[in-house]
Amino acid sequence: MQEGQKIVAQFKSSDGDVTGPPLNLPGDVTPEQLELLLNQLLEQSEDPLPYSFHVGEDEILKNLWIDRKDKSTEDTITIVYQPQAVFRVRAVSRCTSTLSGHTEAILSVSFSPNGAQLATGSGDATVRIWDLNTETPQHTLKGHTSWVLSIAWSPDGKTLASGSMDNTVRLWDPKTGKALGDALKGHTKWITALAWEPYHLNSKANRLASSSKDSTIRVWDTTLRKISMTISQHTAAVTCVKWGGEGLIYSASQDKTIKVWNSSGALVKTLQGHGHWVNSLALSTDFVLRTGPFDHTGKRYASEEESKAAALARYKAFKGNKPERLVSGSDDFTMFFWEPEASKKPITRMTGHQKLVNHVSFSPDGRMIASASFDNSVKLWDGMTGKFIGNLRGHVGAVYQVCWSSDSRMLISSSKDSTLKIWDIKKMKIKMDLPGHLDEVFAVDWSPGGDKVASGGKDKQLKIWRH
């Protein structure tokens, strides 16, 4: 590049809004300089925010000249900016507690929406709640008569639901550890997944959907403890259920379809394309729905109205003007990328895994998708288009689950090889290897605030990891 070469550039937001006038810039302008400029244009120099910058497919990391494949200087260059998480999560690096208690394998691990409590479900038919301040057992929830396959916190964090091999759903008060009434009966086979209605749609947090091997989805009123509707149009086991931010319920089934329902149970769309059982779903809104009114600042709200408004504002800010995106993973080793609000046709088919896809997860900022597979790899995909980005290789056994840090900069994976690994997403390399479990690690969760990771599996021990 010649000394003093200038280019004309135009800032645009990721939603396509033009920001400021076209600018005369040095050809080798750096991301730091662009950030300074953009914060001035957006009149937020007092309290500047971090951004990433792209020209076409290329991210500007060192400077515009080096990172741009197209070197022409004739035309105006469009620089697309995207806000980055303001806070940074630190990688956890050591196990601070190994907690015994469960007498069979731990099958699920989940932090409450505000990150204050932790629950685990196990093959020993119990759910346990752990005190995170002291890292000790707090409550053992007894009632199920067979394996606890899934657990789900209500979005206000005041109720914990569990689904079991014994065909029932149970509700618990996580503060006291007491059962809220008797089991919710109705399903004729085991419960495969649970999903609560999002907080910004229902701040009473009293509607829960359960999917079952019996081919149905049931929606429960958890206050009255009654079935409010049964959805039965799948022709085989329902493997997964999600309740989206626009009020749609998504269900995946062994009948090879994904069905989309409205919140009164009417079928809106059937998504077809998979050649085999569909076994996992992920929504671009999962993280913002999981955390509802709670963000990384830990703010408390005076009333339910205020917290509902906060949850709605967070959801709207996250979603922008784009439709909710859905990724499905299947036994046919492929994944499909959908925008079900807009169309029943898949946007793209995501191929590359050589074995069954176990788990799919969107990054909290919605920009990436991670998939875990029995082929020992974790793959990264573009969260906007579904395009393949790269492989995270290092596990020597099947990868069961992945979980993102809340700033979307790191990913943790749990594996059959008894280790957890933390990946640096920018470098696509292992950042931290976390051995310690004595056997396969089935479940992992990263707290919404980013300060703790919890993991469990075949060795029956819960491990808590911190920085």
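Among the residues of region 369-378, the one identified as open to solvent by less than 10 Å² (accessible area, probe 1.4 Å) and assigned to a loop (DSSP other than H, G, I, E, B) is SER377. Selection of region 165-188 for residues being of a type in the set (Val, Ile, Thr) and either part of a strand (DSSP E or B) or within 17 Å of SER110 (Cβ to Cβ) (or both) yields only VAL169. Look through region 11-36, keep the residues that are part of a helix (DSSP H, G or I) and either of a type in the set (D, E, K, R) or open to solvent by less than 50 Å² (accessible area, probe 1.4 Å) (or both), and return whichever of them is farthest from ASP407 (Cα to Cα). Among those that are part of a helix (DSSP H, G or I) and either of a type in the set (D, E, K, R) or open to solvent by less than 50 Å² (accessible area, probe 1.4 Å) (or both), it is LEU34.
Matching residues to (1) in a strand (DSSP E or B); (2) of a type outside the set (A, V, I, L, M); (3) over 24 Å from GLY245 (Cα atoms):
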{"residue": "ILE129", "(1), (2), (3)": "yes, no, yes"}
{"residue": "HIS144", "(1), (2), (3)": "no, yes, yes"}
{"residue": "GLY157", "(1), (2), (3)": "no, yes, no"}
{"residue": "GLY163", "(1), (2), (3)": "yes, yes, no"}
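Taking the numbered list (1) of a type in the set (Val, Ile, Thr); (2) buried (at least 17 other Cβ atoms within 10 Å of the Cβ); (3) in contact with a Lys or Arg (Cβ under 6 Å, 6 or more places away or on another chain) in turn, THR222 passes all entries but (3). Evaluation of LEU380 against the conditions (1) closer than 22 Å to HIS296 by Cα; (2) within 15 Å of the chain's Cα centre (by Cα); (3) of a type outside the set (Ser, Thr, Tyr) shows that the sole unmet condition is (1).
Filtering region 298-312 to residues that are open to solvent by 60 Å² or more (accessible area, probe 1.4 Å) and within 19 Å of PRO448 (Cβ to Cβ) leaves LYS299, ARG300, TYR301, LYS308, LEU312. Being closer than 30 Å to THR351 by Cβ and either in contact (Cβ under 8 Å) with a residue 12 or more places away in the chain or assigned by the TED database to the domain that holds LEU281 (or both) holds for only one residue in SER447, SER418, and it is SER418. Checked against (1) at negative phi; (2) open to solvent by less than 10 Å² (accessible area, probe 1.4 Å), GLY366 passes all but a single condition, namely (1). In region 423-467, which residues are assigned to a strand (DSSP E or B), of a type outside the set (D, E, K, R), farther than 27 Å from VAL288 by Cβ and open to solvent by 30 Å² or more (accessible area, probe 1.4 Å)? ILE430, the sole residue that qualifies. When the criteria are applied in full, PHE87 meets the requirement of being loosely packed, with under 14 Cβ neighbours inside 10 Å, touching a residue at least 24 places away in the same chain (Cβ under 8 Å) and of a type in the set (Phe, Trp, Tyr). Of the numbered criteria (1) open to solvent by 50 Å² or more (accessible area, probe 1.4 Å); (2) under 19 Å from TRP196 (Cα atoms); (3) of a type in the set (D, E, K, R), the one GLU324 fails is (1).
When GLY121 is tested against (1) of a type in the set (Gly, Ala, Ser); (2) in a strand (DSSP E or B); (3) out of contact with any Ser or Thr (no Cβ under 6 Å at 6 or more places or on another chain), just one condition goes unmet, and that condition is (3).
The values are calculated or read from the model by the stated rules, or taken from the named source; none is laboratory data. Everything numeric in this text was worked out from a predicted model, so none of it was measured. Backbone-built Cβ (ideal geometry, glycine too); neighbour counts: all protein chains shown. Areas reflect the complete protein model, heavy atoms only, side chains present, ligands, DNA and RNA absent. Shrake-Rupley method; radii C 1.70, N 1.55, O 1.52, S 1.80 Å.
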